Amino acid sequence: MIIAVDFDGTIVQHRYPEIGNEIPFATATIKRLIAEQHQIILWTVRRGELLQEAVDWCKERGIEFYAVNKSFPEEEETCGHAKVDADLFIDDRNLGGLPDWGNIYRMIKEKKTWKDIYTETPECNRPKKKRWFW
């Protein structure tokens, strides 16, 4: 499976243009997916030096991406923010937000949806709903 993964807010906490702290289990899960023969693309708005810092940060933690901001390594560089061709996108801007990396791994490995995982979780362990006005 080809999986595109965002960097800021997904692998690390949002601190752009700096690099935030790692989100728990992000790099371990990505390394495991790579070991299981998934092709992982780093898909981020970072460009130039900021992009290289993110790639280096990941490389220092043992993550070598299949491609970076491209669908495949040999693809020509683009000027804009082209969407890559992937089977799955992991991004903190998903509708519903970013599940924890343990659940992300389960969804990929067990071919389950977020709804499947959520309904298996006992209600007492579910995140509490935010209440905005009362």
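The candidate values were (1) 16.7; (2) 15.9; (3) 14.5; the one computed from these coordinates for Kirkwood radius over Cα pairs in Å carries the label (2). Projecting the Cα atoms of 10, 58, 41 onto the charge dipole of the chain (Cβ charges, centred on the Cα centre) puts 10 farthest toward the positive pole.
Potential lengthening of the chain between residue 60 and residue 14 amounts to 14.6 nm, from the contour at 0.36 nm per residue minus the alpha-carbon distance.
Bridges between two residues of the chain, per DSSP, are antiparallel at a rate of about 10%. In a fully extended conformation the segment linking residue 85 and residue 112 would gain 7.6 nm over its present Cα-Cα distance, using 0.36 nm per residue. Going by accessible surface with a 1.4 Å probe and the largest first, 59, 112, 83 read 83, 59, 112. The angle between the Cα long axis of helix 48-60 and the longest principal axis of the Cα atoms of the chain comes to about 70 degrees, rounded to the nearest 10. Using Cβ point charges alone (K and R +1, D and E -1), the dipole size of the chain about the Cα centre works out to roughly 860 debye.
The values are calculated or read from the model by the stated rules, or taken from the named source; none is laboratory data. Here the structure is a predicted model, which means the values were calculated and not measured. When we count neighbours, we look across all protein chains shown, and the Cβ atoms used for this are built from the backbone with ideal geometry, even at glycine. The protein model used for the area step is the full one, side chains on, heavy atoms only, and it has no ligands, DNA or RNA in it. Shrake-Rupley method; radii C 1.70, N 1.55, O 1.52, S 1.80 Å.
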